[in-house]
Amino acid sequence: MVRLVIDIPNTKSILVKQILRGLGITIQQENKPQPSSYKKKISQVSIWTDEDLKAFDEGKNAFENFTRSES
């Protein structure tokens with residue numbers, strides 16, 4: 001089986017679907033996520049403080065110092 005995604009103008013979609021079904025092609029509806037699922041995912045995002053980010057800066061600086069000393 002081959003999966004094919006095509007964009008069809010709204011004015012022609014019914015005709016194209018009828019032709020494809022006549023040829024034995026299965027048409028699946030596009031699964032668009034519900035807006036509520038986006039809200040749920042966004043609500044799980046955390047806020048990082050400057051203290052949280054400090055560890056990343058320290059690690060970055062240590063790595064940069066290490067790579068400079070290797071040169």
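The values are calculated or read from the model by the stated rules, or taken from the named source; none is laboratory data. Values in this document were obtained by computation on a predicted structure and should not be read as measured data. Reconstructed Cβ throughout: ideal geometry from the backbone, glycine too, with neighbour counts over all protein chains shown. Calculation scope for accessible area: heavy atoms of the full protein, side chains included, ligands and nucleic acids excluded. Shrake-Rupley method; radii C 1.70, N 1.55, O 1.52, S 1.80 Å.
The figures follow:
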{"read-out": "Distance (nanometres) between label positions extended 7 Å along Cα→Cβ at K60 and I47", "value": "2.2"}
{"read-out": "Residue-count net charge about W48 - beta-carbon cut-off 13 Å; Lys, Arg +1, Asp, Glu -1", "value": "-3"}
{"read-out": "Surface share of carbon and sulfur [accessible, 1.4 angstrom probe, percent] for the chain", "value": "57"}
{"read-out": "Heavy atoms of F63 accessible to a 1.4 Å probe, total area in Å² rounded to 10", "value": "130"}
{"read-out": "All-pairs alpha carbon distance profile, the chain, 10 Å steps from 0, percent", "value": "13, 21, 14, 15, 15, 15, 6"}
{"read-out": "Protection proxy ranking, peptides 42-55, 12-25, average beta carbon neighbours within 10 Å, highest first", "value": "12-25, 42-55"}
